[in-house]
Every structure is written in C-alpha cells, then in structure tokens.
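Here is the structure we will look at, set down as structure tokens.
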Amino acid sequence: MEIERLKKLANDARKDLVNFLRDMVRIPSLSGQEGKVAQRVKEEMEKSGFDEVFLDGIGNVVGRIGTGRIRILYDAHMDTVDIGDRKSWRRDPFAADYKGGIVYGRGACDDKAGVACAIYGGKLIVDLGVKGDFTLYVAASVEEESAGGKGIAYLLEKDRLNPHFVLLAEPTSLNIVRGHKGRVGVKVSLKGKSAHAGTPWKGINAIYKMARLVEKIERLNKKLPSFPPLGKGTISVTKIECERASLNAVPDNCAIYVDRRTNTRETLERVKRELSALMGSEGKLEILPKFFRAWELPRKHPLVISCRESFMNLFGTNPKVLLWPFCSNGSYTMGERMIPTIIFGPGEERFTHTTFEQVKVEHLIKAAMLYALLPDMISGKYKEIFSSRIIL
Ligand SMILES: [Zn+2]
C-alpha cells in the first residue's frame, strides 16, 4: 500500500471524520438504546462505499469490504455509560464541543471514536482501491457497557462472521493491548436476627457480621497470588446494602457486591472457593452474570506483529505493547472463542466514563490510518499466519 497516499487521504478526511464523530456524540445511546445512533452509523457506512452493510437482529451495524480469504473483524461499541450527575459536567455531554483539536462529550472516546475510525479505516481502503486477500468486517456493536457483551456474541454466533482475527477499537492511547484481566461480580448476603434497637442484645446485627467479612476481603486482596504475565488479581467490595423497614431495629440482613479481577490462572471455581472460605458456613454467595475471562495473546503472535509493523511504517516509532487491567469484548472473542484479538484505538483510557470525556483529532486520524493498513499487512503475512500453530 502506498503509505504517503494513505496519509494524504486520511488527512483530507479529517473534517468528515470529526463531523461524523460529533453527530454520533449528539445522539445519546445507553446500552439497549442504540437504535438512533445505529441509523447514523449505517448511513455513514453506506456512504463510505462498503460492499455490504446490514443491521442485524440485535441492532449491530455490520459493514463488509472484500471477499478475500483472511477474515478480519473490527469491533467498536455504539453504547455508552450514563452521564451521571449532569451538574458535574463542564460541557454539555451531548453538544459534542470541538475545540483546539479535541472533541468532547459522552462517548467521544469510549467508544464512538473507535466506531468512527474503524469505518473511516474501511473508507480509506475503498478510496485507495486496496485489493488484498482479506475480507474486512467493521461492526458497530450494541451492549458492551452493560457488561453482557451481547452484541459481539451475536456477531459471531448468529451473524456467523467467523473471523480469523479480531481488533477491538477501544481507547488505548494508540498502544497495542494484547490481553487483559478477567472480571467476575459476586453478591454475598448474610443473615442476622432482628430485634428492637432498644434491646440489641436480643438480635444479631447483620451489618456487624458483614463488617467482619469486609475486613477479611480487604486482607485477601493483599494476599492474592501473582502469576505472569497479568500479575496479581484484585478483589474489591464495591457496594453494601441492607434492607430495613425501620431505623430503630437491629438489621437481620446485609449484602455486599464484590468485584474480582482475575489473571489467566484464576478460574471461577477458585474465586468461589476463596470467598466461601472467608464466609465459613454462613451466608449466600451468588455469581453475577457473567464471568469475563482473562486472556493474553503472545507478544510474537502474527496479529501483534502486523499491528506493530503497520504502526512503525506509518509513524516511524515503535508502539507500546501492553496488558490492561480493564475488561473488554476480548473476554469473549479471545477468552471464550480463542480468536486472536488485539485492542488498539484512539482516545486515552483515563477519559473513559468520566465527566471530561474527550478525544484528540490527531488520535482519530492515526487510528483510521492504521485500520486502513492493517488488513493488507495481515493478509501479506498469509502463509506465515496459516502455518502458525497458534492459529491452528
Ligand atoms: Zn469501551
């Protein structure tokens, strides 16, 4: 591919790319309410010259370019988290302000920037007339933030996209992420015995019992074992609740929610065992849907190498290759389905889910360029990849 021509076309597309992103930010799209933004996304894909564009049964928008043998899926999610307290936003979260080369607003980086750049990566491939031995699917998926990963599962199970490789266009500060920790949510409930608060000795205070368990969990966090390459898992109590009709009574129930981040060696069974040991014979432990697996792609995997080489060819520097403490649709694509996956995208992790969410336009242009080059790079390595034992 002609790198200089790609760079020129990408820079020429700057205004359209920014306008498209701003249009999407102006359309609120909480998980399960992506319909309107999906229409806008579909329109942009159709305008960009994709060979096929369709809206699937769950509301994902999918575009296809080419019919080559190597099937690559770019996935970016259209849903966003809620804005929280409107008063803590300095800028209107849905105004999509654009100032000093930065676009602001809910979803500006997580993950509408990814949606915009993945589509523009495809558009650049079309405009450049690249004819590699690849089929590129660009999917703008639903329900990533609701922690279900329903959108991505639908793409693979119902739409039967069956990709050899997946790239998740999520904000990574233009670093290559080749794996991340897993996640499981747990609810623990303890019972006590109700009594009038004037005679507390007649009851058993469930909050006091839970307080002791919470302390044990805090200590467990320090003791969790470390395994390479993801290191030490973590455990955090993230919510506590107690349902009481009266403030003048000793409570007979208390529940906590626990967020457990795992490395690749920590199974769901292990997580359950650890917590049960702390609880002893008391209480109830519920695993919340669902278990997101930890995963890791080897540093030398052809997908990682193709992405690194694309980056180096375009920008002349070595990209950082990292492991993440966060979770993504990679828990499904790589963790469950074992499809080699990387994450690479515009925007910085520190802005995601915040009231100052933003993305640099420079990031957008660079990501779109890389997305345009990568399929050609991967298909160029066709033989190497298909003889690799990692894939087979
Ligand atoms: Zn995201």
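The values are calculated or read from the model by the stated rules, or taken from the named source; none is laboratory data. If you're wondering where the values come from, they're calculated on a predicted model, not measured in any experiment. Neighbour counts are summed over all protein chains in view; Cβ atoms, including those assigned to glycine, are modelled from backbone coordinates with ideal geometry.
The table that follows gives values for the structure above.
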item	result
Boolean, Val130 is β-branched (Val, Ile, Thr) and assigned to a loop (DSSP other than H, G, I, E, B)	yes
Cross-chain or 6+ apart pairs with Cβ under 6 Å, segment 124-153 first and not assigned by TED's automatic domain parsing to the domain that holds Asp376, then of a type in the set (Val, Ile, Thr) and more than 16 Å from the ligand (Cβ to nearest atom)	none
Meets criteria (among the charged types (D, E, K, R), away from the ligand (no atom under 16 Å from the Cβ) and in a loop (DSSP other than H, G, I, E, B)) for Arg106	no
Search result, residues across segment 79-91 that are touching a strand residue (DSSP E or B) at 6+ places or on another chain (Cβ under 9 Å), surrounded by 14 or more Cβ atoms within 10 Å (Cβ to Cβ) and in a loop (DSSP other than H, G, I, E, B)	Asp79, Val81, Arg91
Lone qualifier among Ile217, Ile207, Ile235 - being at pLDDT 95 or above, touching a Cys at 6+ places or on another chain (Cβ under 7 Å) and not acidic (Asp, Glu)	Ile207
Those strands (runs of 3 or more DSSP E) lying entirely in segment 225-335 with at least 1 residues not assigned by TED's automatic domain parsing to the domain that holds Glu157	234-241, 253-262, 284-292
Matching option when the condition is away from the ligand (no atom under 16 Å from the Cβ), surrounded by 24 or more Cβ atoms within 10 Å (Cβ to Cβ) and more than 15 Å from Phe351 (Cβ to Cβ), among Gly122, Gly66	Gly122
Pair list, Cβ under 7 Å, 6 or more apart: segment 72-91 residue more than 12 Å from Asp110 (Cα to Cα), other residue in a helix (DSSP H, G or I) and within 14 Å of the ligand (Cβ to nearest atom)	Tyr74/Ala118; Asp75/Ile152
